[in-house]
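*Asks:* Before I ask anything, here is the structure I am working with.
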Amino acid sequence: MQLTSSPRRALGLLAAGTVGLSTALLGVTGVAQAAGIGTPTIEAVEGIDEGLRVFVSADADGIYPSSWEYSLDGGTTPVAAVTDPDDQSGFDAVFEIDGLANGDEYDVVVRGVEDEDHAGPWSAPKSGTPFARPGVPGVPTVQLGNGTATLTWTAATVVGTYPIKEYVVGAGVTMGEGGGHAEQCRTAALTCTVPVVPGWSYHFFVSAVDDKGNVGDEAGAAAPTGKIPAISTPASVPAKNGDLTITGAQPGAVAPGAKVTVSGEGYAPGSTVSIAVYSTPQVLTTAVAGPDGKFSVEVTVPAGLAKGNHTLVASGVDASGVLRYVNLPITVSDAGVATVAAEATLAATGADVALPVLGGIVALGLGGGLIVVARRRAAA
């Protein structure tokens, strides 16, 4: 375990004092001398505006230095380092070098100093480049949509050392008693639309990013969104995005009251998808799309679903914030059995080896369509 500055320094002084005392008492020459100041390690050099911030670790096997020096010319010109006594980073020394030119690279070396006559060896060099971060963009405005939030802002008026490449939008998210921060989007434009989860509250902010990846200070929206309302369901069956196809099995019966697993893809990661059955829309459940934009959730086909044509619809938004609907037509016969519409299927290819295992039908929706897996009704 690495010791903190004060205990390590105390141990170094104790070691030196012990050896000196032993030599004086014994009058013997050639005894092992106390270890000198070891070679430090520069852990990081961080660029700041017209300067560098240097993070140093001392040699754990040597005497802990009483002070530090740095050099920008390989050790020819030592300069006393003014360390931050209140730093809580865990490094043995943290200090800044001021008065440097932004955009120029500097090689830094560091050494420990015991007194004016004794200094340790120089560290290996580590380079760093001072820079000014990009400025603050205009305060973003937020317009809520159906499961989305559209943010708009003005460009940062201060560029910084390097050109601005893009903007990053983040949000402080509150969900019940919990919360956190998450990046929402990156764009070179001055607007972006992101998915939002019903019931959560968002406080958005935007920062400029230069072409070196340096992020500037953020501009926050004037206020949080408050709880996001539920996604509204269209009054009638919406036009679907892409065609639904079924492969690997013939369509079979899906009885009202049965539990089915509905899956889909093409949605914005982390967005909410609402699953409803039409003609008269009835929301069955909601799901949250995963990092890959896919979802899978179990729903129950309403037991009282009337005979005739119906449609399962998954409503949500894609990664661009555009409303996305994936549909699956079903028909309820006079006998009260719902079947997948024949025109929405393809013929099975080869033997169906999955059915004995699953005990049901497998309907795979290609091209971002729905996937429905239902248990076959037991034979009478």
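The values are calculated or read from the model by the stated rules, or taken from the named source; none is laboratory data. Bear in mind that the values here come from a model prediction, so they are computed numbers and not experimental data. For neighbour counting, all protein chains shown are included, and Cβ atoms are generated from backbone atoms with ideal geometry for every residue, glycine included.
*Asks:* Quick one: in region 281-322, which of the residues that are in a loop (DSSP other than H, G, I, E, B) and β-branched (Val, Ile, Thr) is farthest from Gly270 (Cα to Cα)?
*Replies:* So the residue we want is Val301.
*Asks:* Which one is farthest from the chain's Cα centre (by Cα) among residues in region 93-113 that are surrounded by fewer than 19 Cβ atoms within 10 Å (Cβ to Cβ) and not hydrophobic (A, V, I, L, M, F, W, C)?
*Replies:* Once the filter is applied, the top-ranked residue is Gly99.
*Asks:* Going by the structure shown, is Val158 assigned to a strand (DSSP E or B) and among the aliphatic types (A, V, I, L, M)?
*Replies:* no
*Asks:* Then there is this: Select from region 79-92 the residues that are surrounded by fewer than 16 Cβ atoms within 10 Å (Cβ to Cβ), part of a loop (DSSP other than H, G, I, E, B) and not polar (S, T, N, Q) and list them in ascending order. So that I can check it myself, show each step before the final result.
*Replies:* Taking region 79-92 and keeping what is surrounded by fewer than 16 Cβ atoms within 10 Å (Cβ to Cβ), we get 79-80, 82, 84-90.
Those left that are additionally part of a loop (DSSP other than H, G, I, E, B): 82, 84-90.
Once the filter is applied, which keeps residues that are surrounded by fewer than 16 Cβ atoms within 10 Å (Cβ to Cβ), part of a loop (DSSP other than H, G, I, E, B) and not polar (S, T, N, Q), region 79-92 yields Val82, Asp84, Pro85, Asp86, Asp87, Gly90.
*Asks:* Sticking with this one: Residues in region 109-159 that are more than 19 Å from Glu50 (Cα to Cα), of a type in the set (D, E, K, R) and in contact with a Gly (Cβ under 8 Å, 6 or more places away or on another chain): how many?
*Replies:* 2
*Asks:* Would you mention how many residues in region 148-164 are within 22 Å of the chain's Cα centre (by Cα) and farther than 29 Å from Val197 by Cβ?
*Replies:* 1
*Asks:* Since Ile63 meets every condition but one in (1) more than 17 Å from Gly47 (Cα to Cα); (2) surrounded by 16 or more Cβ atoms within 10 Å (Cβ to Cβ); (3) touching a Pro at 6+ places or on another chain (Cβ under 8 Å), which condition does it not meet?
*Replies:* With respect to (1) more than 17 Å from Gly47 (Cα to Cα); (2) surrounded by 16 or more Cβ atoms within 10 Å (Cβ to Cβ); (3) touching a Pro at 6+ places or on another chain (Cβ under 8 Å), Ile63 is out only on (3).
*Asks:* For residues that are surrounded by fewer than 18 Cβ atoms within 10 Å (Cβ to Cβ) and of a type outside the set (Lys, Arg), tally how many sit in region 202-213.
*Replies:* Looking only at that region, the number is 2.
*Asks:* Can you tell me which residue among Pro281, Pro302, Pro356, Pro291 is modelled with pLDDT of 80 or more and loosely packed, with under 13 Cβ neighbours inside 10 Å?
*Replies:* Pro291
*Asks:* Six or more apart or on different chains, Cβ atoms under 7 Å: show the pairs whose first residue is in region 224-253 and under 14 Å from Thr311 (Cα atoms) and in the same structural domain as Asp318 (by TED's automatic domain parsing) and whose second is at pLDDT 90 or above and surrounded by 17 or more Cβ atoms within 10 Å (Cβ to Cβ).
*Replies:* Pairs that qualify, where the first residue is under 14 Å from Thr311 (Cα atoms) and in the same structural domain as Asp318 (by TED's automatic domain parsing) and the partner is at pLDDT 90 or above and surrounded by 17 or more Cβ atoms within 10 Å (Cβ to Cβ): there are none.
*Asks:* Considering (1) under 30 Å from Leu100 (Cβ atoms); (2) not assigned by TED's automatic domain parsing to the domain that holds Thr41, say which one Ala124 fails and leave the rest.
*Replies:* It fails just one condition, (2).
*Asks:* So, of the residues in region 182-201 that are assigned to a loop (DSSP other than H, G, I, E, B) and at pLDDT below 95, which turns out to be surrounded by the most Cβ atoms within 10 Å (Cβ to Cβ)? Full working, then the answer.
*Replies:* So the first thing to find is which residues in region 182-201 are assigned to a loop (DSSP other than H, G, I, E, B), and the list is 188-190, 196-200.
So of that shortlist, the ones also at pLDDT below 95 come out as 196-200.
Details: Val196: 29, Val197: 18, Pro198: 14, Gly199: 14, Trp200: 18.
The selected residue is Val196.
*Asks:* Can we say Val288 is more than 13 Å from Pro195 (Cα to Cα) and not hydroxyl-bearing (Ser, Thr, Tyr)?
*Replies:* For Val288, the condition - more than 13 Å from Pro195 (Cα to Cα) and not hydroxyl-bearing (Ser, Thr, Tyr) - is not met.
*Asks:* Still on this model: Exactly one condition in (1) farther than 30 Å from Ser201 by Cβ; (2) within 26 Å of the chain's Cα centre (by Cα); (3) of a type in the set (D, E, K, R) is false for Arg133; which is it?
*Replies:* Arg133 satisfies all of (1) farther than 30 Å from Ser201 by Cβ; (2) within 26 Å of the chain's Cα centre (by Cα); (3) of a type in the set (D, E, K, R) except (1).
*Asks:* Condition first: farther than 30 Å from Pro269 by Cβ, basic (Lys, Arg) and part of a strand (DSSP E or B). Can you find one or more residues in region 165-175 that meet it? Break it down into steps so the answer makes sense when it comes.
*Replies:* Filtering region 165-175 for residues farther than 30 Å from Pro269 by Cβ gives none.
There is no residue in region 165-175 that is farther than 30 Å from Pro269 by Cβ, basic (Lys, Arg) and part of a strand (DSSP E or B).
*Asks:* Tell me which residues, restricted to region 146-188, are farther than 13 Å from Phe205 by Cβ and of a type in the set (Val, Ile, Thr).
*Replies:* Scanning region 146-188 gives Thr148, Thr150, Thr152, Thr154, Thr157, Val158, Val159, Thr161, Ile164, Thr174, Thr187.
*Asks:* In region 134-142, is there at least one residue being among the hydroxyl-bearing types (Ser, Thr, Tyr), touching a residue at least 12 places away in the same chain (Cβ under 8 Å) and in a loop (DSSP other than H, G, I, E, B)?
*Replies:* Among the residues of region 134-142, not one is among the hydroxyl-bearing types (Ser, Thr, Tyr), touching a residue at least 12 places away in the same chain (Cβ under 8 Å) and in a loop (DSSP other than H, G, I, E, B), which makes the answer no.
*Asks:* Right, next: Name the residue, out of Glu116, Glu69, that is out of contact with any Ser or Thr (no Cβ under 6 Å at 6 or more places or on another chain), touching a residue at least 40 places away in the same chain (Cβ under 8 Å) and outside the structural domain of Ser274 (by TED's automatic domain parsing).
*Replies:* Glu69
*Asks:* Every residue in region 217-244 that is small (Gly, Ala, Ser) and modelled with pLDDT under 90, please.
*Replies:* Pass one, region 217-244, residues small (Gly, Ala, Ser): 219-223, 226, 230, 232, 235-236, 239, 242.
Correct list: Ala230, Ser232, Ala235, Ala239, Gly242.
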